[in-house]
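The values are calculated or read from the model by the stated rules, or taken from the named source; none is laboratory data. Predicted model only: the values in this text are computed from it and were never measured. Using ideal geometry, Cβ is built from the backbone for each residue, glycine included, and neighbour counts are taken over all protein chains shown. Protein only, heavy atoms only, side chains kept; ligands, DNA and RNA dropped before computing areas. Shrake-Rupley method; radii C 1.70, N 1.55, O 1.52, S 1.80 Å.
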Amino acid sequence: MAEGRKAAPEQAPAGGWGALNAVEKHLSNQKILFKGNRALLSMNKPGGFDCPSCAWPDPKKPHIAEYCENGAKAVAWEATKKRTDPAFFADHTVEELKTWSDHALEDNGRLTHPMRYNSMTDQYEPVTWEAAFADIAEELLKLDPKRVELYTSGRTSNEAAFFWQLFGRVLGTNNFPDCSDMCHATTTVALPESIGIGKGTVTLDDWEACDALFIIGQNPGTNSPRMMGYLHDMAKRGVPIVTFNPLKERALLRFTDPQSPVEMLTGGGQQISSRYFQLRTGGDIMALQGMCKAVIAADDAARERGEARILDVDFIEAHTHGFEAFADYVRALPWPDIEYYTALRREEIEEAARIYMRAERVIACWGMGITQHKHGGDAMQQILNLLFLRGNIGRLGAGACPIRGHSNVQGDRTVGINKTPTESFLSHLDKAFGFTSPREFGHDTAEACEAILKGEVDAFLAMGGNFFRAIPDFDRIGAKVPDIGLTVHVATKLNRSHLIHGKKAFILPALGRTELDLQKGEAQTVTVEDSFCMVHGSTGRLKPASEECRSEPWIIAHLAKATVAGRAPIDWTGLVEDYDRIRDKIEEVIPDQFTRFKERIREPGGFRLPNGASERIWNTPTKRANFLFNPEIRDQNDQSPDHPHMQLMTVRSHDQFNTTIYSYNDRYRGVSGERMVVFMNEMDMAEQGLSEGDVIEFASADRDGIERRAAGFKVVAFDVPKGCCAAYYPETNAVMSLAHRDERSNTPAAKSVPVTIARVTQGEPVSHEPEVSERFPSGRHMSVPTA
Ligand SMILES: Nc1nc2c(c(=O)[nH]1)N[C@H]1C(S)=C(S)[C@@H](COP(=O)(O)OP(=O)(O)OC[C@H]3O[C@@H](n4cnc5c(=O)[nH]c(N)nc54)[C@H](O)[C@@H]3O)O[C@H]1N2
Ligand SMILES: Nc1nc2c(c(=O)[nH]1)N[C@H]1C(S)=C(S)[C@@H](COP(=O)(O)OP(=O)(O)OC[C@H]3O[C@@H](n4cnc5c(=O)[nH]c(N)nc54)[C@H](O)[C@@H]3O)O[C@H]1N2
Ligand SMILES: [Mo]
């Protein structure tokens with residue numbers, strides 16, 4: 001498999017003192033070495049605040065320093081001493097700020113005042129909260145609510161998200177585009193078809209008990225680094241970890257644990273993946289079906305010989321539907337086809353199947369490598385099929401484990417950020433608040449983008465995030481935003497979405513997760529739901545960035561009061577005086593999930609939301625777990641030999657959180673000081689006459705007649721399967737077509753963007769030396785230096 005590829009640049013283990021050094025560097029860049037280190041100690045602990053970075057769960061017994069390198073970067077970024085205040089806006093026009101990089105915009109510091117755009121000066125100017133709400137309300141009330149979009153980004157707490165959807169529904173719309181629509185919506189939609197719930201079935205207890213782990217299309221070393229501690233311990237116990245990923249992600253190869261004196265001294269680290277299958281982008285459907293084929297073949301042989309069965313026959317009979325059809329289908333799949341679509345050898349897939357068969361308790365995790373494809377849902381359902389074969393779901397140590405992105409992206413959906421709410425939810429909502437919600441379904445992210453392109457959006461309001469930068473077809477959609485009558489962004493940092501603004505535009509500064517949120521003099525707690533369905537409290541402690549920053553629930557309450565006070569008997573500002581009152585309302589609207597909500601979040605570690613599939617209760621139409629497959633679909637992106645192009649994966653560097661760019665380095669991929677790179681296979685480079693350092697332009701290979709381009713990427717030879725290449729998101733988003741997306745959920749297919757590559761100029765190679773010495777090991781639970 002390795003022929004024609006360059007070795008991965010990184011040989012040294014991930015984690016290590018490199019991670020600890022990075023934390024201190026980021027704290028000191030934000031001028032908060034002491035404050036930041038103190039804040040980090042209360043992160044992810046009962047009574048403290050939840051990490052604003054990823055959605056990995058908190059253990060019941062947290063470590064002294066229960067955080068990771070990237071969580072620390074997120075805190076440093078939020079707790080920074082730098083400020084983007086009215087004086088800053090007075091010095092810069094919006095036109096000028098558009099020329100700033102994404103990094104520079106956010107690195108300028110925290111937003112401090114509500115700002116209103118003045119088209120005469122092309123500047124944002126300070127405005128009082130009262131005037132801002134009055135202006136926004138006046139605009140909104142003129143509009144057809146079906147032409148208003150309310151976006152949510154996944155850092156928003158349950159309380160704020162619940163209030164946000166309430167405001168939207170009282171206003172008269174179900175248009176709730178969500179960051180999840182670009183992320184795990186595939187899971188939310190495809191998983192229920194298989195198991196009756198769109199969430200994972202495992203808890204940390206299962207992680208501790210499992211005896212084989214499959215990691216498919218996920219990069220935990222960067223995106224959920226606290227998972228690395230578990231992987232490290234598992235690998236040490238001899239639990240096989242099998243990875244399927246087109247890129248060799250360094251932390252999945254080796255990782256150094258600070259708690260191990262031997263690793264500390266030698267810097268050797270622990271091997272993480274026992275087997276690493278570098279499959280072709282989009283090859284997961286066939287890789288998984290190939291494994292199922294091997295498992296079923298082994299079972300057929302065992303049965304013929306009268307030996308113990310390999311399949312969990314009792315589980316399949318009692319709990320599943322569609323096994324025979326699936327088994328016949330994979331039995332008939334030709335190995336050459338499987339090898340063609342996966343770019344893996346039959347023996348490799350059979351080896352993965354043997355590891356699966358030898359284990360008694362298997363967990364399979366997945367991330368964006370599965371969800372962000374045209375047939376992402378189909379791939380995910382093959383993961384479930386594999387688990388069903390040996391009853392690896394709904395018992396200790398086994399199950400399905402989607403790893404969510406933003407720290408509360410899962411919770412936002414649970415409390416009602418949903419364009420297709422159920423009738424039960426709406427009728428409870430109507431009863432609890434005395435109004436009638438709209439029944440017509442609304443827009444998700446892709447549909448909101450389509451509406452913008454068609455000129456059918458009059459107001460776009462965002463609770464956090466950087467919508468216009470995160471979406472596909474960045475250039476085309478961005479060009480239409482100035483036609484929108486009103487844009488409102490509730491945010492902590494200035495970003496590009498604030499600069500590509502509507503005719504009237506506002507930026508409203510929010511408190512961050514880490515900050516003390518006082519209402520009526522009392523410190524408030526918000527709640528979040530992690531990837532394992534655990535709901536727990538988060539209480540900020542740091543002094544707010546400015547006296548003018550307000551909490552998200554406060555902002556929504558006052559905006560709602562100014563806009564829709566007359567439409568429903570809701571005491572908006574009374575509810576926001578004590579967030580327990582909002583929690584009481586959440587319990588009233590979703591009683592089966594949030595029983596005794598406000599009491600239970602006071603238990604250390606919080607509580608788990610009900611999860612049928614984890615108890616083998618299948619809320620599907622067949623009332624069983626369904627073996628699902630589509631014989632027409634063999635590849636997540638419909639590659640066809642008659643349409644040659646490359647598959648571009650848009651990925652995250654180690655120094656970014658989505659569109660927030662902490663720095664230009666990607667330590668684990670060995671690139672520093674540069675994000676405008678494309679990682680390519682050397683054979684592809686030779687075929688296309690490209691050399692390292694050449695600057696290229698991507699052109700979209702979607703056959704829809706629309707020209708999309710993104711230029712300025714330097715070629716880096718990399719260990720990536722032939723035909724696939726990788727570059728960083730969001731710099732690539734102009735070349736992505738909005739129409740190229742998961743068929744079920746509309747999730748943009750950001751991991752298989754069809755592109756052609758043209759050289760623009762010859763250039764100097766980007767230095768991408770391996771980080772030779774991580775002399776100081778460290779990693780998951782870093783010791784906190786005494787400041
Ligand atoms: N520090 C940090 N933490 C984050 C984020 C961040 O940007 N920075 N983002 C947060 C968010 S919102 C999310 S959604 C998560 C994202 O976390 P991940 O799911 O890890 O997301 P990515 O890094 O985009 O891609 C995951 C992996 O998929 C692989 N891949 C690409 N195509 C394929 C394929 O066809 N098959 C397989 N098997 N693998 C493939 C890529 O090589 C990459 O290693 O992380 C969250 N946490
Ligand atoms: N090509 C490509 N595109 C992608 C992806 C990809 O892998 N490839 N990934 C997709 C995924 S998985 C996701 S989740 C989306 C992310 O899309 P978003 O969630 O919209 O984007 P973020 O970059 O996370 O948002 C960053 C901004 O959030 C604001 N912010 C931070 N903290 C807070 C807070 O506490 N409150 C408020 N009100 N605002 C805050 C800051 O102003 C900051 O500028 O992007 C998607 N787009
Ligand atoms: Mo995400």
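Residue-wise test of (1) surrounded by 23 or more Cβ atoms within 10 Å (Cβ to Cβ); (2) outside the structural domain of residue 224 (by TED's automatic domain parsing); (3) modelled with pLDDT of 95 or more.
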site: 331; (1), (2), (3): no, no, yes
site: 335; (1), (2), (3): no, no, yes
site: 351; (1), (2), (3): no, no, yes
site: 376; (1), (2), (3): yes, no, yes
site: 418; (1), (2), (3): no, yes, yes
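The residues of segment 277-297 that are under 9 Å from residue 244 (Cα atoms), outside any helix (DSSP H, G or I) and either within 9 Å of ligand 1 (Cβ to nearest atom) or touching a helix residue (DSSP H, G or I) at 6+ places or on another chain (Cβ under 7 Å) (or both), listed by number, are 277, 279. Report whether or not residue 559 is buried (at least 17 other Cβ atoms within 10 Å of the Cβ), in contact (Cβ under 8 Å) with a residue 12 or more places away in the chain and touching a Phe, Trp or Tyr at 6+ places or on another chain (Cβ under 8 Å). So residue 559 passes the test. For segment 719-733, the set of residues classified as near ligand 2 (Cβ under 10 Å from one of its atoms) and either outside any loop (DSSP other than H, G, I, E, B) or assigned by TED's automatic domain parsing to the domain that holds residue 246 (or both) consists of 727, 728, 733, listed by residue number.
Scanning segment 122-154 for residues that are in a loop (DSSP other than H, G, I, E, B) and among the hydroxyl-bearing types (Ser, Thr, Tyr) yields 128, 153. Screening segment 155-214 for helices (runs of 4 or more DSSP H) wholly inside it with 2 or more residues that are out of contact with any Asp or Glu (no Cβ under 7 Å at 6 or more places or on another chain), open to solvent by less than 10 Å² (accessible area, probe 1.4 Å) and touching a residue at least 24 places away in the same chain (Cβ under 8 Å) returns the ranges 158-171, 185-195.
The helices (runs of 4 or more DSSP H) falling completely within segment 317-404 that include 1 or more residues that are in contact with a Cys (Cβ under 6 Å, 6 or more places away or on another chain) and within 15 Å of ligand 1 (Cβ to nearest atom) map to 376-389.
Of all the listed residues (368, 380), the sole one being within 28 Å of the chain's Cα centre (by Cα) and open to solvent by less than 20 Å² (accessible area, probe 1.4 Å) is 380. Right, residue 634: among the charged types (D, E, K, R), crowded, with 22+ Cβ neighbours inside 10 Å and either more than 16 Å from ligand 2 (Cβ to nearest atom) or not assigned by TED's automatic domain parsing to the domain that holds residue 280 (or both) or not? No. Scanning segment 472-486 for residues that are touching a residue at least 12 places away in the same chain (Cβ under 8 Å) and either more than 14 Å from ligand 2 (Cβ to nearest atom) or open to solvent by 10 Å² or more (accessible area, probe 1.4 Å) (or both) returns 474, 475, 476, 478, 480, 481, 482, 483, 484, 485, 486. Only one entry of 513, 496, 469 meets the criterion of being more than 19 Å from the chain's Cα centre (by Cα) and open to solvent by 10 Å² or more (accessible area, probe 1.4 Å), and that entry is 496.
Filtering segment 228-249 to residues that are of a type outside the set (Asp, Glu) and either assigned to a strand (DSSP E or B) or near ligand 1 (Cβ under 10 Å from one of its atoms) (or both) leaves 241, 242, 243, 244, 245, 246, 247, 248. Scanning segment 410-429 for any residue that is small (Gly, Ala, Ser), under 19 Å from residue 199 (Cα atoms) and away from ligand 3 (no atom under 16 Å from the Cβ) turns up at least one such residue.
Within segment 569-596, take every residue that is hydrophobic (A, V, I, L, M, F, W, C) and open to solvent by 10 Å² or more (accessible area, probe 1.4 Å) and give me the one that is nearest to residue 159 (Cα to Cα). Restricting to residues being hydrophobic (A, V, I, L, M, F, W, C) and open to solvent by 10 Å² or more (accessible area, probe 1.4 Å), the top hit is 575.
Of the helices (runs of 4 or more DSSP H) that lie entirely inside segment 17-119, those containing 3 or more residues that are under 23 Å from the mean Cα position of the chain (by Cα) span 69-78, 102-107. Does residue 439 count as assigned to a loop (DSSP other than H, G, I, E, B), at pLDDT 95 or above and either open to solvent by 10 Å² or more (accessible area, probe 1.4 Å) or on the phi > 0 side of the Ramachandran plot (or both)? Yes: the conditions hold for residue 439.
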